[in-house]
Amino acid sequence: WQFNDEDRKRYVAKFYRPQRWSLEQLHEEHQFTQELADANLAVAAPLIFQGTTVQQTEGIAFAIFPSLGGRQYEIDNYDHLEQAAQTLARIHQVGRQNLFRYRPSFGLDEYFHQPLALLKETSLIPKALKADFITALTHLGTHLTRVWHTDWDVLRLHGDCHPGNILWRDGPLFVDLDDARNGPAVQDLWMLVSGELNEQRVQWDILLECYTELTEFNVNELSLIEPLRAMRMVYYLAWVVRRWQDPAFPRAFPWFEEADFWRRQIAEIHAQTALLQSPPSLMMPQF
């Protein structure tokens, strides 16, 4: 919720859904954000009131942030990509200094096995498509388990670094660290790449050249791009199912119970499974 104080200065109050995060996990997110701000990185950091960033009312946790405007990040602007890569490198430098103790880490359990169990139980998937959907998802899981590996350097991440979480104010401003967690650096990079394969190769060359000017990158993580994409697809569906009792969700996702939506999901899962079975399409970048 956005509001103005008596001096007409704008703020945003962010309320956290009960049982989404523990107080320890919220404090870790806010501490990480403050470390980034202290390193002169452009992030939206919560404000401190009465010695803490986490406030509570009627059992619901919330935090107050300054209201920060900006232009939209341009996904086809190479200058934006270069600066985003350099800023992410600096964010990851801070992220390597410690690890989250209470917040989760990227892995198959949280991002595939738990969502699969939830999707098997939900009644939101049309009965006529449920068996085909679960079969496709199980097949995806077989290949996902085969290609997933842990040959990567763990660090604290933004965690949900898609273009919508970047504002432009003479450079990138990273917002919404709600999904911050431990994981591989490539998780904060792959969602900034889009377009046809040749375009992606150019973007990866730019991204990694600018990133490695400031910090190291384990090239073994490039093989995690498609597994991470697959995990995000499944996690997203389960996230909506998990929140369906919130009245805001049926209004926001009115197509979620429609047969056409689930037919598309089955087709996309088959396509992603094929990608997991194929050799990595991304050639080694020339950075």
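The values are calculated or read from the model by the stated rules, or taken from the named source; none is laboratory data. Everything quoted here is computed from the prediction, not taken from an experiment. Neighbour counts are summed over all protein chains in view; Cβ atoms, including those assigned to glycine, are modelled from backbone coordinates with ideal geometry. For the accessible areas, the whole protein counts, side chains as well, though only heavy atoms, and no ligand, DNA or RNA atoms are used. Shrake-Rupley method; radii C 1.70, N 1.55, O 1.52, S 1.80 Å.
Show me 242-251, 198-207, 269-278 ranked by packing, highest mean number of other Cβ atoms within 10 Å first.
Working: 242-251: 12.2, 198-207: 17.5, 269-278: 15.4.
Going from most to least packed, we get 198-207, 269-278, 242-251.
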In deg cm²/dmol, rounded to 500, what helix-only [θ] at 222 nm does the chain give when every DSSP H run of at least 4 residues adds -39500 (n - 2.57) and the total is split over its residues? -14000 deg cm²/dmol
How much length would be gained if the chain were fully extended between Gln19 and Leu99, taking 0.36 nm per residue of separation minus their Cα-Cα distance, in nm to one decimal? 26.6 nm
What accessible area per residue comes out for the chain, rounded to a whole number of Å², with a 1.4 Å probe? 51 Å²
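I'd like the carbon and sulfur percentage of the solvent accessible area for the chain, probe radius 1.4 Å, heavy atoms only, ligands and nucleic acids excluded.
Numbers: 7330 of 14720 Å².
That fraction is 50 percent.
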Qualifying lysines (Cα of each under 17 Å from Cα of Lys120; at least 8 residues distant if same chain): Lys130
Among 104-111, 47-54, the order from most to least packed when residues are scored by Cβ within 10 Å on average: 104-111, 47-54
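To the nearest 20 debye, what is the magnitude of the charge dipole of the chain about its Cα centre, counting +1 on the Cβ of each Lys and Arg and -1 on the Cβ of each Asp and Glu?
Details: 26 positive and 38 negative charges, 185 e Å.
Using Cβ point charges on Lys, Arg, Asp and Glu, the chain gives about 880 debye.
Report the calculated FRET efficiency for Glu58 and Asn198 (r = Cβ-Cβ distance, R0 = 51 Å), to the nearest 0.05.
Working: r = 54 Å, r/R0 = 1.06.
My answer for the efficiency is 0.40.
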Computed over segment 1-120, Cα set: Rg, Dmax in Å: 17.3, 52
Here the gain from full extension of Glu209 to Ala131, 0.36 nm per residue of separation minus their alpha-carbon distance, amounts to 23.6 nm
On full extension of the chain, what length is gained from Arg10 through Leu47, given 0.36 nm per residue of separation minus the C-alpha to C-alpha distance? 12.0 nm
Cα lying deepest toward the dipole's positive end in segment 155-209, options Trp168, Gln200, Gln187, charges on Cβ: Gln187
Expressed as a percent, the portion of alpha-carbon pairs in segment 142-287 spaced more than 26 Å apart is 34 percent
Once R0 is set to 25 Å, what does the formula 1/(1 + (r/R0)^6) return for the Cβ-Cβ distance between Thr150 and Ala37, expressed as a FRET efficiency to the nearest 0.05? 0.25
At R0 = 22 Å the Cβ-Cβ FRET efficiency linking Thr142 and Phe256, nearest 0.05, sits at 0.25
